[in-house]
Each structure stands twice: as structure tokens, then as C-alpha cells.
Amino acid sequence: MRSLPCIIVWILLSTLQAAAQVPGVAGTMTAMQNYRRGRDLEALNRMNEANTYYNEAIRICLEELSRNAATRETYAAITFTMQRQGRFADVINWGEQGLRLYPDEYRIMEIMGEALFYLNDYERSLIFMQRYANALPEGERVSVAFFFIGEIYRLTQKYHHADIAYTTALRFEPGLALWWYRLGSVREQVGDRSPAIEAYQQALRLNPNYGEARSGLNRLQ
């Protein structure tokens, strides 16, 4: 008799079997390759096509899980993909399983931090983001981790902490207007007028049509 986890995997797998036959999905692509192709299509606002690749990535992962052939890449791919589809509770479920097997899989830690943020579990999200940033200070997603740390501190009104986190994120990735706007907003909250103006101005240099940054600048000038 099948165990409950095996039954759940089998049910999920059966719902995605059709994706393997969808034209345009390369049968030789790995789960991670399908995820990346879907992400590229999503960036072009081609979400229907993106979901075809996302579903195929999940199907491959579930198939590997069903035959006990899963690797750390399997758990990374399934959590990344479900994150893109907004399935945050599923990200936590599969992420926890992956970390039990691969406790040093920091990619899963970071993506779980994001999922927990969107589930409004700021305390746990902060723990995962800090673990990722501490373990991989030059990691591929470290700028994103610091941005989310800044978001958590901003939302919990720890504005000086948020300033430090946003500033750190921007050292790694200075070309994002939203991040400069967020930095300006927390500086404005604590009365750091000149630094706030500088941050809003930088946001506007990157995006001259950024209305919120323009409003912030007007308030301070």
C-alpha cells in the first residue's frame, strides 16, 4: 500500500502529465532549464507560454520524486518554479523537505525567505534571508536578500535597519529605481532630509516617470 506522501506526489504528477506533450516544450530539457525558459518568457509578459515551461519543470521534478531520483537540483527547481506561480505555501512545503536532505542548499533558503515574506511571516522570512546573506555574502541572490530584509524592517518600522539593508542591496545592484525609492522613503521617515532627497533623485534618474519618487522629492524640497 502506498504511503500518503507517495499518493500526494502521484496525484500532483498525474495532473501535469499533459504538459509533457505540449508543443514547444523540449523533452530533453531539465527541470531547471524549463524553469529558466519560463522565467525568460514571463519577463516578456508571455505568461501563458511561461506556465507551459513552469508546468513541465514541476512535472519533471515530481516524476523524479516519485521514483526516488530527486537531487538538490530537483528541490531547487520545484521551489523556484512554484514561487514564480505564486504557490507560496507549496514553496515552503517542498523547501522544508529539501533542506532536511540538503541543509546547505542556500538557494532554497533564499526562495523560502521570499515565500514567507509574501505569506506575511516576516519573522521567519528574516531568519532565512539573513542565513542566506551570511552564508553567501557574494551569492547570486544576495542583493535580493538584502532588499527583502529592508522591506521587512520598513514594514516593522525599524527604519534605520531598513536604511542599512537597502543601502547594502544597492551596492550590489544600483540600477533599480524601486530600491532607491524605498531607501528614500525610510530616510524620509526618520527625518534624514538630504540623504532622502539624494535617494529620490537617483530613483528619478533611473525612471523619470516614477510618480511616488517625484512626490517624495516635492515634499522635501
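The values are calculated or read from the model by the stated rules, or taken from the named source; none is laboratory data. Just so it is clear, the structure is predicted and the values come from calculations on it, not from any experiment. Every residue, glycine as well, gets a Cβ built from its backbone with ideal geometry; the counts of neighbours run over all protein chains shown.
Would you point out the residue of the range 116-139, among those that are out of contact with any helix residue (DSSP H, G or I) (no Cβ under 8 Å at 6 or more places or on another chain) and outside any helix (DSSP H, G or I), that is surrounded by the fewest Cβ atoms within 10 Å (Cβ to Cβ)? That would be 138. Looking only at residues of the range 52-68 that are surrounded by fewer than 21 Cβ atoms within 10 Å (Cβ to Cβ) and touching a residue at least 40 places away in the same chain (Cβ under 8 Å), we find that the one that is nearest to residue 80 (Cα to Cα) is 63.
Here residue 86 does not qualify as out of contact with any Leu (no Cβ under 7 Å at 6 or more places or on another chain), buried (at least 16 other Cβ atoms within 10 Å of the Cβ) and free of Cβ contacts under 8 Å to residues at least 60 places away in the same chain. Is it the case, given these coordinates, that residue 170 is farther than 21 Å from residue 123 by Cβ and either buried (at least 19 other Cβ atoms within 10 Å of the Cβ) or without any contact (Cβ under 8 Å) to a residue 12 or more places away in the chain (or both)? When the stated conditions are applied, residue 170 passes them. The set of residues in the range 183-197 being assigned to a helix (DSSP H, G or I), closer than 20 Å to residue 161 by Cβ and either aliphatic (A, V, I, L, M) or under 28 Å from the mean Cα position of the chain (by Cα) (or both) consists of 183, 184, 185, 186, 187, 188, 189, 196. Screening the candidates 173, 198 for the property of being in contact with a Gly (Cβ under 9 Å, 6 or more places away or on another chain) and at pLDDT 95 or above yields one hit, 198.
Scanning the range 37-51 for residues that are free of Cβ contacts under 8 Å to residues at least 24 places away in the same chain and either crowded, with 17+ Cβ neighbours inside 10 Å or touching an Asp or Glu at 6+ places or on another chain (Cβ under 6 Å) (or both) yields 37, 41.
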